[in-house]
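One structure is given here, and the rest of the page talks about it.
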Amino acid sequence: MDEAEQPAVIRILNHIIAHPAFLMVFGIMTIWLSVGLTASVFFALNPSPAQTEGFESGLGVAVALVSAMAYLLFVLFVERKPLTDFEAEGALREWAWGLAIGAGAMTAIIAVIAAFGGYSVTGSNGLWVVVPLFGMAMQSGIMEEILFRGILFRFAEQWLGSIFALFISALLFGLVHLGNPNASLFAGLAIAIEAGILLGAVYMITRRLWAVIGLHMAWNVTQGGIFGIKVSGTDIPGFLISKTDGPALLTGGAFGAEASLPALIIATALGLYFLRKAWQQGEFVHPSWHRFKTGAAAPNAA
């Protein structure tokens with residue numbers, strides 16, 4: 001049956017279901033529900049309040065895999081389109097590129113903090129301490145990037161254009177980090193600006209999730225697992241045993257280096273550089289009233 005022959009109620013319902021605003025909300029709910037169920041199963045199996053590093057790492061891996069599977073099902077059966085975000089061709093190259101950006105940016109941030117006397121190394125652990133961190137890095141890298149770039153940014157961009165999508169996804173990314181230990185309003189704002197812009201810009205350039213997942217994972221592992229600095233307010237045993245000293249604006253204080261002025265400057269500058277690259281590549285989606293109403297570019301748009 002052609003769309004014109006369908007009852008008006010069915011046509012309206014189909015348009016609502018296909019609209020990016022609906023898909024964005026439904027997609028977020030799908031991922032959160034899958035993550036919540038996974039966590040419930042893990043805590044039911046181990047109700048002890050003192051969770052081990054192995055438990056936390058296993059939970060992280062499970063959350064990452066389940067959220068990826070939920071996203072796959074959502075794209076294939078709700079959106080009814082190919083899963084281009086996780087195409088295999090070029091995946092390793094993009095993931096490695098993201099790893100290099102994340103590790104390089106965080107190393108530069110710590111180097112600046114150390115140059116001004118805010119960071120020093122007092123000892124080291126065995127490299128084995130880094131291994132349990134990969135579960136947490138998978139959880140944050142895969143699950144959060146699916147949520148904030150694969151769903152929130154992508155659908156907000158289809159609906160409102162790139163600038164609004166970048167603003168919304170970055171703001172919410174900062175807000176969710178306010179629930180982390182030792183968080184402050186400045187820490188949330190710093191995360192929104194430095195990480196929200198950088199991750200959004202890298203996603204715009206690649207239009208896939210591999211690079212932003214690699215960037216997010218390397219950012220966390222380098223900060224906590226290598227340099228022994230708190231990751232978003234959470235203590236992480238790292239290869240290096242470190243000491244931070246000085247004003248919170250330099251070191252990030254109890255939240256960690258992400259809430260520092262060096263991080264804000266370096267990561268934001270990098271994000272703006274990639275935004276410029278995205279603009280040059282023609283990756284910016286411009287807002288319009290037609291896009292707002294329908295979630296698609298006007299038929300006569302170039």
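Just a few scattered comments:
- Being aromatic (Phe, Trp, Tyr) and over 15 Å from the mean Cα position of the chain (by Cα) holds for only one residue in Phe173, Phe164, and it is Phe164.
- Members of the range 82-108 found to be among the hydrophobic types (A, V, I, L, M, F, W, C), buried (at least 19 other Cβ atoms within 10 Å of the Cβ) and closer than 30 Å to Leu250 by Cβ, listed by number: Leu99, Ile101, Ala103, Ala105, Met106
- Test: residue in the range 151-160 that is under 20 Å from Asn220 (Cβ atoms) and in contact (Cβ under 8 Å) with a residue 60 or more places away in the chain: yes
- Whichever residue in the range 1-30 is of a type in the set (Gly, Ala, Ser) and more than 33 Å from the chain's Cα centre (by Cα) and, among such residues, is modelled with the lowest pLDDT: Ala4
- Criterion violated by Gly246 - all others in (1) touching a strand residue (DSSP E or B) at 6+ places or on another chain (Cβ under 8 Å); (2) surrounded by fewer than 24 Cβ atoms within 10 Å (Cβ to Cβ); (3) small (Gly, Ala, Ser) satisfied: (1)
- Any hit, the range 109-132, residues being surrounded by 15 or more Cβ atoms within 10 Å (Cβ to Cβ), within 16 Å of the chain's Cα centre (by Cα), farther than 21 Å from Ala187 by Cβ and touching a residue at least 12 places away in the same chain (Cβ under 8 Å): no
- Considering residues of the range 52-72 that are farther than 16 Å from Leu37 by Cα and loosely packed, with under 15 Cβ neighbours inside 10 Å only, the residue modelled with the highest pLDDT: Leu72
- Of the helices (runs of 4 or more DSSP H) lying entirely inside the range 200-285, the ones with 2 or more residues being closer than 22 Å to Met136 by Cα and not hydrophobic (A, V, I, L, M, F, W, C) are found at 210-220.
- Filtered by the rule that a residue be farther than 11 Å from Leu240 by Cα and either among the β-branched types (Val, Ile, Thr) or modelled with pLDDT of 85 or more (or both), the range 114-132 gives Ala114, Ala115, Phe116, Gly117, Gly118, Tyr119, Val131.
- For the range 265-284, residues that are buried (at least 19 other Cβ atoms within 10 Å of the Cβ) and touching a Leu at 6+ places or on another chain (Cβ under 9 Å) total 5.
The rows are residues; the columns are (1) aromatic (Phe, Trp, Tyr); (2) part of a helix (DSSP H, G or I); (3) out of contact with any helix residue (DSSP H, G or I) (no Cβ under 7 Å at 6 or more places or on another chain).
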residue	(1), (2), (3)
Gly123	no, no, yes
Ala156	no, yes, no
Ile163	no, yes, yes
Leu166	no, yes, no
Ser169	no, yes, no
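- Residue count, the range 185-244 (criterion: of a type in the set (Asp, Glu) and closer than 27 Å to Leu275 by Cβ): 1
- Any pair with Cβ under 8 angstrom, 6 or more apart, that starts in the range 19-46 at a residue that is without any contact (Cβ under 8 Å) to a residue 12 or more places away in the chain and part of a helix (DSSP H, G or I) and ends at one that is among the hydrophobic types (A, V, I, L, M, F, W, C) and loosely packed, with under 14 Cβ neighbours inside 10 Å: Phe22/Ile16
- Checking each residue in the range 251-296 for being among the β-branched types (Val, Ile, Thr) and either without any contact (Cβ under 8 Å) to a residue 40 or more places away in the chain or more than 29 Å from Leu23 (Cβ to Cβ) (or both) picks out Thr251, Ile265, Ile266, Thr268.
The values are calculated or read from the model by the stated rules, or taken from the named source; none is laboratory data. The structure displayed is predicted, hence computed values, not measured ones. Every residue, glycine among them, receives a Cβ derived from its backbone with ideal geometry; neighbour counts consider all protein chains shown.
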